[in-house]
Structure formats: structure tokens, C-alpha cells
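K.L.:
Pasting a structure here, questions to come.
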Amino acid sequence: MTTVRPGWYPDQNDPNAEVYWDGARWHGRRARVTDGASTDSRLTDLPSYSEKWAALSNTARNIVVGGVLAAFALVLVVVALILIRPWESETYKNCKESAAAYGLDSDAPIVQHCVDTLSPYAEN
């Protein structure tokens, strides 16, 4: 008994179609590729991205471009907020730099340093 490998084979009933053998049984059909370059017409029948883009209306293209630009702007704003930290006062930032000069790097010692050095009741 000969074992037939899984794949696409010519349909005995339709010369313009092929059927798929999975190794155990036959499945659906599809049109045969005539140039022989590809055995899967599903890959060659798909429109390219440029064809899809050209098929969109101007309004749809503007929405896509606007969405991409808005997402990019949002990322820039988030990065800027993380770097600038506008929720920290200038006093706190200056105190933090001063504490770093003393080798303090965690929040509790920095806050204590700031209270001790900036408080009007601090002993100087």
C-alpha cells in the first residue's frame, strides 16, 4: 500500500480545481494557480497594504493618521511627565539634591533631611 503525503492534489472531477489530502481524508477545494509560482492562491489574492491604504477614503485616512499622531503625542506627554515630575515642588527637588550630596537616596531619610534643614524651627 502506497502512502500519499498530505498536500494539494488535482481534483479528478474538475481540472480547474485541487483538493487537499491531510493524510487521512480529502478536504474542500480551491482554484488552481496557473503560473505555478505559488501553490497557495490565498497568499497571492490578498491585497497589499498600499492597495488597502489607497482604497480608504480621505476621511478614513485622516482618522488613521490622526489616531497615530494622537497616540504618539500621548506617549510624549507621559514620558515628559515622568521626567519633569511637575508634582514635586522646587523646594523638594532642591532638598532632594542636597540629600543626595549627603548620600541619602531613599524617601524617608530625604524627607527627614528636608524637615531638619528647611524647617523654620530647625537648629542651624
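Where a number appears in this text, it was derived from the coordinates with a stated rule and is not lab data. The shown structure was predicted, so the numbers you read here are calculated from the model rather than taken from an experiment. As a convention, Cβ positions derive from the backbone with ideal geometry for all residues, glycine included, and neighbour counts pool all protein chains shown.
K.L.:
Quick one: if you stick a label point 7 Å off each Cα along the C-beta vector at residue 4 and residue 100, how many nm between them?
P.N.:
7.4
K.L.:
Let me ask something else. Within 10 Å of each candidate Cβ there may be at most 11 other Cβ atoms; applying that plus a DSSP loop requirement, which GluC sites (Glu not before Pro) in region 50-124 survive?
P.N.:
88, 123
K.L.:
What's the FRET efficiency of residue 118 with residue 73 using the Cβ-Cβ distance as r and R₀ = 35 Å, to the nearest 0.05?
P.N.:
Rounded to the nearest 0.05, the efficiency is 0.40.
K.L.:
Quick check: residue separation of residue 53 and residue 20 times 0.36 nm, minus the Cα distance between them. What number comes out in nm?
P.N.:
8.5 nm
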